[in-house]
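Here the structure comes first, spelled out in structure tokens, and everything after it is commentary.
What follows draws every value from the coordinates through simple rules; no lab data is involved. Quick caveat: nothing in here was measured; it's all calculated off a predicted structure. For neighbour counting, all protein chains shown are included, and Cβ atoms are generated from backbone atoms with ideal geometry for every residue, glycine included.
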Amino acid sequence: MAKGKYMAILAENPGNARAKAGLESLPKDANVVASADADRMLANGIGEFYKGAYEDAEVHIKDYIELNGAKAALAYFYRAASKLTRYYLRGEKQDDRRLLTDAESDFRMAKKTPGFNPPEKMVSPKIIQVFNKSTS
């Protein structure tokens, strides 16, 4: 019950320190699957990605991943897509190369889920190309 309330608060306000602290203080169960509130957090992150709010998207998606959400592969994919988009928009500069390597790492995490297929028609072919080149 408390976990759901904390997640609902974080879905609306990812920077809420009290909710984060409260959630972290709850007993951990590795087999816990994301609730509807956690799925909403992921949906918010994906929506922010499509609105161009890439850093906000990455925060929501990171929080979702930390909650052991059932759609982790999709979350890793969109977090990678967000980082890769920022890398491209900044001109693929050497100083921003960390965004590229982080994106490749997240793509590899997404690929670890058997049967995961990226939403190819929903993102740039450049993103899919990097996804396909990322190896385990």
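Here the residues E58, E104, ranked from fewest to most Cβ neighbours within 10 Å of their Cβ, fall in the order E104, E58.
Placing a pseudo-label 7 Å from each Cα along the Cα-to-Cβ vector at M122 and L26 gives an inter-label distance of 2.5 nm.
Using only the C-alpha atoms, the convex hull of the stretch 33-133 corresponds to 93 Å³ per residue. Rounded to the nearest 500, the 222 nm mean residue ellipticity of the chain from helices alone is -21000 deg cm²/dmol, with -39,500 (n - 2.57) taken per DSSP H run of at least 4 residues. When T85, T113, T101, T135 are arranged by Cβ crowding within 10 Å, least crowded first, meaning fewest neighbours, the order is T135, T101, T113, T85.
Computed over the chain with a Gaussian network model linking Cα atoms closer than 10 Å, the most mobile of G91, G69, G15 is G91. Ordering D63, D39, D95 from the fewest to the most neighbouring beta carbons within 10 Å gives D95, D39, D63.
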